[in-house]
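In what follows, a single structure is set out as structure tokens and then discussed.
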Amino acid sequence: MEDTKVAVAGAPSDEDVLEGMLSRRFLYAQRVLGSSTYHHTFRTKTRWELVRLSLLIVGIECTYATETAFVAPILLAIGLPHTIMTMMWAMPPIVGVLFVPIVASASDRLRASWGRRRPVLLALGIAMLLGMMLLPHGRAVGEAIGLRSVAWVATLTTIGLTTTDFSAEASNGLCRTYAMEVCTIRDQARVLSTMMLIGGLGGAMGYLFGSVDWMSLPIGSYFDSNESAVFSANWLVLLVGLLSTLTSFPEIPLPVQERDELLRPVTHRMLQNELKRLRGDAHDTQTELAESIGFRQFLRNTVRMPRSMKILCATQFLSHMGYLPYCLYFTDFVASAVYGGDSQAPKNSAELARYDEGIRFACFGMALFAAGASLYSLVIERLIERLGARPVYVGGLMAHCVGMLAMGLLHHRAVVLLCCCLTGIMYATIYSIPFLLISHYHSKNSFAMVDGKCVESTEPRGFGADVSMMSSVLCLAQLIVSLVMGALIDAAGTTTVIIVAACGCSLLAACSALTVLYMDL
């Protein structure tokens, strides 16, 4: 948060006023109520507390890694052509576009004693765990219930994929919302960067699981296939992350916030109102409650979205259009185009052996991608402070564009590894800056600027709903990529078209990022 000095001579700074507001509420929650249940909301979190709060992101990113590395090879091994295989990826975004906004809107209005976010995260986490059990065992489950045809095996596998992917997408936004709501506004950037850091480590862990030949190890005798071993390791990581995050910090329930003004988390808007009061400006001194909107209002907000949110959503959409072709089909590209393998070659053939080797090499490359994202997240906050959000946002998108261009032109293993690191920069960018911008908009209750000044919004918008809109944009991008990419591969006769599409969409995203409203961030 900017430490802007109040214009009145001798008046306290924003930071001093914020410290006073937090201290007053901290003491009220701890001493006056005789309870330490909610006081943590008004104090600065330690780095370890932020890590514990973020461990669900590790499980989610590990799940993404395992999905993206193995779903395409699993579906191709069943006997599906590329066109049908890529269409299987269309089911999760269809469900996501329809239901992620509903889940987010319901979470905004949930009046449970356990809070608004954690009950929903628990339900989604259980769904993820169940989907992860089904996804690699579609053939075994089909044989157990007498459904042995390719169509039925593909259907069962797709059910596992849809359940896992939808739950992960919905949890991703809600977990970030939950973390920002239980932290002070001065910790929100820290918790997002922490999530990006350890999330990258989680993704690297998932890809490294895939780079190991588990069947050659003693533990491999306990599993039916290499894929089942990888998914089992991921399952344990997801379970630990879910339990850690859900037990980290209790939320202040919505009914409690409605009853007691001093138990409402301090927002940027509340801080600005307090500063106005100290200056003697005429305004309503009522401490405002975070906006909670219904699904009907959410739909109206989507249709009547402010121009700044439209541009941000369009930029995020194009960013994911550039990232998803790499994310979903990179292992198949490396195994077929770089290693010259064939997923449907006969068993024990040289082509199948090269394909399997290519998959493991691609997993190692994507582990570097995740590690690069994690390391870049350590410096992105400082880069924003020094350079501003605009050049950091545009530069991160262009890094992926350049990497995909190089990879498409040069099918060399060293180039592949280098370009994976560049994609990590882009990934850290699109999972931090857009969320910071939404928090910035809501903190000022403004989505537009006129003559360099923020214009206060009169339309109520839910913070959780706007954050989840980024997940809806991802679902839409994944739907389009899933329906189109397979046909492009079959028409071009090469998986290199994946890289070309990723490069073009990333370039368009960078151009769109130039027009985003940053409000001096």
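The values are calculated or read from the model by the stated rules, or taken from the named source; none is laboratory data. None of these values were measured; they are calculated from a predicted model. Please note: Cβ atoms are built from the backbone with ideal geometry, for glycine as well, and neighbour counts cover all protein chains shown. Side chains included, ligands, DNA and RNA excluded: accessible areas come from the protein's heavy atoms. Shrake-Rupley method; radii C 1.70, N 1.55, O 1.52, S 1.80 Å.
General observations
- The range 337-349: number of residues that are touching a helix residue (DSSP H, G or I) at 6+ places or on another chain (Cβ under 9 Å), open to solvent by 20 Å² or more (accessible area, probe 1.4 Å) and more than 20 Å from Leu368 (Cβ to Cβ): 5
- Looking across the range 170-203 at every residue that is open to solvent by 10 Å² or more (accessible area, probe 1.4 Å) and assigned to a helix (DSSP H, G or I), the one that is farthest from Leu243 (Cα to Cα) is identified as Ala189.
- The range 271-282 residues that are open to solvent by 60 Å² or more (accessible area, probe 1.4 Å), paired with ones that are at pLDDT 80 or above and of a type outside the set (Asp, Glu) (beta carbon under 7 Å, 6 or more apart): Leu278/Val17
Every residue, every condition in (1) part of a helix (DSSP H, G or I); (2) of a type outside the set (Val, Ile, Thr); (3) under 30 Å from Ile84 (Cβ atoms), yes or no:
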{"position": "Cys454", "(1), (2), (3)": "no, yes, no"}
{"position": "Pro460", "(1), (2), (3)": "no, yes, no"}
{"position": "Val473", "(1), (2), (3)": "yes, no, yes"}
{"position": "Met485", "(1), (2), (3)": "yes, yes, yes"}
{"position": "Leu488", "(1), (2), (3)": "yes, yes, yes"}
{"position": "Val497", "(1), (2), (3)": "yes, no, yes"}
{"position": "Leu517", "(1), (2), (3)": "no, yes, no"}
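- Test for Asp3: is it closer than 24 Å to Ile185 by Cα, at pLDDT below 85, open to solvent by less than 30 Å² (accessible area, probe 1.4 Å) and not β-branched (Val, Ile, Thr): no
Residues checked against (1) closer than 23 Å to Val467 by Cα; (2) in contact (Cβ under 8 Å) with a residue 60 or more places away in the chain:
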{"position": "Leu55", "(1), (2)": "yes, yes"}
{"position": "Glu61", "(1), (2)": "yes, yes"}
{"position": "Ala72", "(1), (2)": "no, yes"}
{"position": "Leu98", "(1), (2)": "yes, no"}
{"position": "Ala104", "(1), (2)": "yes, yes"}
{"position": "Arg117", "(1), (2)": "yes, yes"}
{"position": "Leu121", "(1), (2)": "yes, yes"}
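- When Met133 is tested against (1) among the hydrophobic types (A, V, I, L, M, F, W, C); (2) in contact (Cβ under 8 Å) with a residue 40 or more places away in the chain; (3) out of contact with any Phe, Trp or Tyr (no Cβ under 8 Å at 6 or more places or on another chain); (4) open to solvent by 50 Å² or more (accessible area, probe 1.4 Å), exactly one condition is not met: (3).
- Selected residue (only one of Asp356, Asp342 is in a helix (DSSP H, G or I) and over 19 Å from Ile60 (Cα atoms)): Asp356
- Scanning the range 210-247 for residues being closer than 26 Å to His39 by Cα, open to solvent by less than 50 Å² (accessible area, probe 1.4 Å) and β-branched (Val, Ile, Thr) gives a total of 1.
- Selected residue (criterion: most open to solvent (accessible area, probe 1.4 Å)) from residues of the range 248-263 that are part of a loop (DSSP other than H, G, I, E, B) and in contact (Cβ under 8 Å) with a residue 40 or more places away in the chain: Pro250
- Some residue of the range 410-421 being of a type outside the set (A, V, I, L, M) and either touching a His at 6+ places or on another chain (Cβ under 8 Å) or within 26 Å of Val100 (Cβ to Cβ) (or both): no
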